[in-house]
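The values are calculated or read from the model by the stated rules, or taken from the named source; none is laboratory data. The structure presented is a predicted model; accordingly, all values stated were derived computationally and were not measured. Cβ coordinates were reconstructed from backbone atoms using ideal geometry, including for glycine residues, and neighbour counts include every protein chain displayed. Only protein heavy atoms, including side chains, enter the accessible area calculation; ligands, DNA and RNA are left aside. Shrake-Rupley method; radii C 1.70, N 1.55, O 1.52, S 1.80 Å.
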Amino acid sequence: MSEIVLKTEIKDIPFLKRGKVRDIYDIGENLLIVATDRISAFDVVLPNGIPDKGKVLTQISIYWFDKMKDLIPNHIVATDVKDYPKTLHKYADVLEGRSMLVKKAKPLAVECVVRGYLSGSGWKSYQKDKTVCGIKLPDGLLESSKLEEPIYTPSTKEDEGHDINITFEQTQDIVGKEIAEKLKNVSLAIYKKARDIAEKKGIIIADTKFEFGLYNGALILIDELLTPDSSRFWSLKDYSPGKSQDSYDKQIVRDYLLTLDWNKTYPGPVLPEEIVQKTVQRYKEILQIITS
C-alpha cells in the first residue's frame, strides 16, 4: 500500500495555509499546492486518510484543466517536480503526482456551483418550495431528476462550516455585475463540456463546483477541477431517478459515519480498514474512467 500523506513538512519555503485536504506554500510569485490524503466528512477532517487520494484528485484536476484551457486560462505553472524550483527537488517523493505549482491569483469569494441533476441540498430546497437558489423549477421532479438545462447556483465560500447557497443577484453584490456574469457563463460552459466528455465514458456529472481567481486583472480557473471531492459522479448505466444514486466519491465514508453515535464534531472517528479500502478503490476507479 502507498504511504499515506496526512501532513507535509516542506521546510525550505514559507508555509501559508492548511485546508481540509491541501497544504499551501508560498514560493515568491507562485504557490505550491500539495493535495494530501486527508479526508473530511460533515466538515470534520478525520484522523486517518485515504491512501493516494491526493494523487487521484491532482491527476483528475490536471486532466480537466487541460480540457478546459480553450474556455478559460487556469492557474497551473507546472505539475512535474523537475520543473519546480531546485529547493523542492529533494521533496520529490512527497510532491510527485500530488502537487501543482500555480499562479498567485486573488481568489473570488464565491463558489460557482452548476447542477445538471437534482440532488443534495438542491433536492432538499426543491422539496420545500420548488426552487434552488431562487431559481424556479418545474413541478413533478424527482430526486436525481435530470434538469432540462443545467442551472448555476452559487454559494459563499466559508473557511469554517458549510458554504451558504446564494442567488445570482447576491453574487453581483460580492464580486460586481461584470465578473458575476462572466462566472456564470464560463461555469455553465465548463460544465456542459465536461458533461459531454464524461457521458461518452459512461459517467454522469450530476453537479460540480468551480473556484476562480483574478490574475493580472483577468479571470482564471483555480483550486481543483471536476474531482470526486468537488463533484457528484454517477454511473450512466446504473442511473435511475427517484432515489439517491451511488456516487464515485466519499459517500462510502459518509454512510459509515451515519451508522455511528457521533455528533459530527472534532475529533472525528477513525475509519476501519475495510471502509478505507472501499473508498480507495472508488477514487481510483473514477480516475481510471475519467482519464483513460
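Restricting region 91-108 to residues that are open to solvent by 10 Å² or more (accessible area, probe 1.4 Å) and assigned to a loop (DSSP other than H, G, I, E, B), the residue that is nearest to GLN172 (Cα to Cα) is LEU108. Beta carbons closer than 6 Å, at least 6 apart along the sequence or on distinct chains, pair a first residue in region 238-249 that is touching a residue at least 12 places away in the same chain (Cβ under 8 Å) with a second that is open to solvent by 50 Å² or more (accessible area, probe 1.4 Å) for PRO241/LEU142; GLY242/LEU142; SER247/ARG232. Among the strands (runs of 3 or more DSSP E) confined to region 12-56, the ones with at least 1 residues that are loosely packed, with under 15 Cβ neighbours inside 10 Å are located at 15-18, 22-27. Considering every residue within region 201-224, establish whether at least one is under 16 Å from CYS112 (Cβ atoms), in a loop (DSSP other than H, G, I, E, B) and either within 17 Å of the chain's Cα centre (by Cα) or of a type in the set (Asp, Glu) (or both). Taking every residue of region 201-224 in turn, at least one turns out to be under 16 Å from CYS112 (Cβ atoms), in a loop (DSSP other than H, G, I, E, B) and either within 17 Å of the chain's Cα centre (by Cα) or of a type in the set (Asp, Glu) (or both). Looking at this structure, is GLU111 under 18 Å from the mean Cα position of the chain (by Cα), in a loop (DSSP other than H, G, I, E, B) and either crowded, with 19+ Cβ neighbours inside 10 Å or at pLDDT below 95 (or both)? Criteria not met by GLU111.
Among the residues of region 181-197, is there at least one that is farther than 24 Å from ASP43 by Cα and part of a strand (DSSP E or B)? No - not one qualifying residue is present in region 181-197. Counting the residues of region 257-274 that are surrounded by 18 or more Cβ atoms within 10 Å (Cβ to Cβ) and either without any contact (Cβ under 8 Å) to a residue 12 or more places away in the chain or outside any loop (DSSP other than H, G, I, E, B) (or both) gives 1.
Take TYR239 and decide whether it is under 23 Å from ASN48 (Cβ atoms) and over 20 Å from the mean Cα position of the chain (by Cα). Answer is no for this residue. All of ILE72, ILE62, ILE39 fail the test of being over 26 Å from GLU285 (Cα atoms) and either in contact with a helix residue (DSSP H, G or I) (Cβ under 6 Å, 6 or more places away or on another chain) or at pLDDT 95 or above (or both), apart from ILE72. Got at least one residue in region 174-189 being in contact (Cβ under 8 Å) with a residue 60 or more places away in the chain and among the basic types (Lys, Arg)? Scanning region 174-189, I find at least one residue that is in contact (Cβ under 8 Å) with a residue 60 or more places away in the chain and among the basic types (Lys, Arg), so the answer is yes.
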